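Chemist: Got a structure for you, questions after.
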Amino acid sequence: MSQLRFVTGGESHGAALSAILDGMPAGLRLTREAIDAQLARRQQGYGRGDRMKIETDRVEVLSGVRFGETLGSPITLQVVNRDFANWTERMDPFGDPAGPKVTAVRPGHADLTGVLKYDRDDARDILERSSARETTMRVAVGAVCRQLLAAVGVTVASHVTEIGGVSVDRAAIRDEDIGVTNSSDMNCCDPAAETRMKAYINQAKANGDTLGGIFEIVVRGLPVGLGSHTQWDRRLDGQLAGTLMSIQAIKGVEIGAGFACAHLPGSEIHDELFMGENGQPYRKTNRAGGLEGGMTNGETLVVRAAMKPIPTLMAPLRTVDIATRNEVSASKERSDTCAVPAASVVGEAMVSFVLADAICTQFHADTMTDLAASLAAYHARLERVWQKG
């Protein structure tokens, strides 16, 4: 059973967004600045829309933390929506309905399926919650989790590798530069590719269109053996894939060589093992992306996710009006031309949660003191394996 869990609440234009994170060990040092820094990263990115000019996300911690340390009790986080002042009548929890209904459902969104499933006649009842604004709280939760990871020597970083078919030269990017040399507005490590990406985003915006892309997450410092091969739901690769696929607009996930594994023989995919001078085995390659048999193998974890273009277009697609049954142009909401850099930050947050949970579950402890001791004992046991030879 997992130790960590969280839920989020709130609508895109509601009064606030919230999250409750349960299971975090007591004694973890937290700073509000570290959480706010991740929230600010999510709001950045070339191609973002006007909503990011309105909101300046800042976290309020309502429970579970005292004097900068976790208490072991549920942590409640909240971010106030400044734009709610402009939407009070339309989003009033108890007032009379105000404003026009959204009935021209948008292709590619949850609109049509949502109104059918939940028996609504206004797609706003669906789109407010299905909006990617919800990821604000995922990032806040992930920011807490990455502070736990940092406390045990694990770092999480990401970079954008493709926008609309414009790709970086991945072979020229050193793994150690990821998270260090990234640009602030594209989260990209290849300046030449970034220039081309921005030009393509500008073109798409002028055409009222949107662009998707790919981002890659790298995690360093993970212990060997997180996850398990013994049950399907304990495999860490499955947990990572499912978590990333839960992010709005993510349509594909790959680990390590990923889909390339389908096109190459095993001799060019599997990472051979060699014995080092220190008496411990090592790998010269990392095509497995740090995971074998559903478990971390000690190499850098490498995960990529593909994001589809945002389906709210300023040059709307054709759709149907659920009220009139006529074919019309889809409704328009404020939207981004490209949100892949922001999605990469959300991806970091979700991976941080999965890994923090894996560590807390495997080395179960109610306090950071006991967690550190359990991890130290585990590392010492692994060291003794190779000393026996």
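Residues are listed down the side, and each one gets a yes or a no for (1) within 30 Å of Phe6 (Cα to Cα); (2) β-branched (Val, Ile, Thr); (3) crowded, with 17+ Cβ neighbours inside 10 Å:
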{"residue": "Met137", "(1), (2), (3)": "yes, no, yes"}
{"residue": "Ala140", "(1), (2), (3)": "yes, no, yes"}
{"residue": "Leu148", "(1), (2), (3)": "yes, no, yes"}
{"residue": "Val154", "(1), (2), (3)": "yes, yes, yes"}
{"residue": "Gly179", "(1), (2), (3)": "yes, no, yes"}
{"residue": "Glu194", "(1), (2), (3)": "no, no, yes"}
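Chemist: Could you identify the single residue in Gly227, Gly279, Gly258 that is on the phi > 0 side of the Ramachandran plot, surrounded by fewer than 18 Cβ atoms within 10 Å (Cβ to Cβ) and in contact (Cβ under 8 Å) with a residue 60 or more places away in the chain?
Modeler: None of the others qualify; the one that does is Gly279.
Chemist: Let me ask something else about it. How many residues are open to solvent by less than 60 Å² (accessible area, probe 1.4 Å), more than 23 Å from the chain's Cα centre (by Cα) and among the hydroxyl-bearing types (Ser, Thr, Tyr) if we restrict to segment 282-320?
Modeler: Residues flagged as open to solvent by less than 60 Å² (accessible area, probe 1.4 Å), more than 23 Å from the chain's Cα centre (by Cα) and among the hydroxyl-bearing types (Ser, Thr, Tyr) within segment 282-320 amount to 2.
Chemist: Can you tell me which of (1) open to solvent by 30 Å² or more (accessible area, probe 1.4 Å); (2) among the charged types (D, E, K, R); (3) at pLDDT below 95 is the one Lys117 doesn't meet?
Modeler: (3)
Chemist: Scanning for something among the polar types (S, T, N, Q) and open to solvent by 30 Å² or more (accessible area, probe 1.4 Å), does segment 167-176 turn up at least one residue?
Modeler: Checked against the condition, which is being among the polar types (S, T, N, Q) and open to solvent by 30 Å² or more (accessible area, probe 1.4 Å), segment 167-176 yields at least one hit.
Chemist: Within segment 166-182, which residues are within 10 Å of Ala193 (Cβ to Cβ) and among the acidic types (Asp, Glu)?
Modeler: The answer is Asp169, and nothing else.
Chemist: Since Phe84 meets every condition but one in (1) in contact (Cβ under 8 Å) with a residue 60 or more places away in the chain; (2) under 28 Å from Ala151 (Cα atoms); (3) surrounded by fewer than 21 Cβ atoms within 10 Å (Cβ to Cβ), which condition does it not meet?
Modeler: Of everything listed in (1) in contact (Cβ under 8 Å) with a residue 60 or more places away in the chain; (2) under 28 Å from Ala151 (Cα atoms); (3) surrounded by fewer than 21 Cβ atoms within 10 Å (Cβ to Cβ), Phe84 misses just condition (2).
Chemist: Say whether the condition of being part of a loop (DSSP other than H, G, I, E, B), touching a helix residue (DSSP H, G or I) at 6+ places or on another chain (Cβ under 6 Å) and open to solvent by 30 Å² or more (accessible area, probe 1.4 Å) is met by at least one residue in segment 238-248.
Modeler: yes
Chemist: Next question. Out of segment 124-165, which residues are among the basic types (Lys, Arg) and under 11 Å from the mean Cα position of the chain (by Cα)?
Modeler: Within segment 124-165, just Arg138 meets the criteria.
Chemist: Another question, then. For segment 340-389, what are the residues that are among the charged types (D, E, K, R) and assigned to a helix (DSSP H, G or I)?
Modeler: Hits for segment 340-389 are Glu348, Asp357, Asp370, Arg381, Glu383, Arg384.
Chemist: I'd like the residue in segment 155-210 that is among the acidic types (Asp, Glu) and assigned to a loop (DSSP other than H, G, I, E, B) and, out of all such residues, is nearest to Arg287 (Cα to Cα).
Modeler: Step by step, filter segment 155-210, then rank; the result is Asp169.
The values are calculated or read from the model by the stated rules, or taken from the named source; none is laboratory data. Since the model is a prediction, treat every value here as computed from it, not as a measurement. Cβ sites come from the backbone with ideal geometry, for glycine too, and all protein chains shown count toward neighbours. The accessibility values were calculated without ligands, DNA or RNA, using every heavy atom of the protein model including side chains. Shrake-Rupley method; radii C 1.70, N 1.55, O 1.52, S 1.80 Å.
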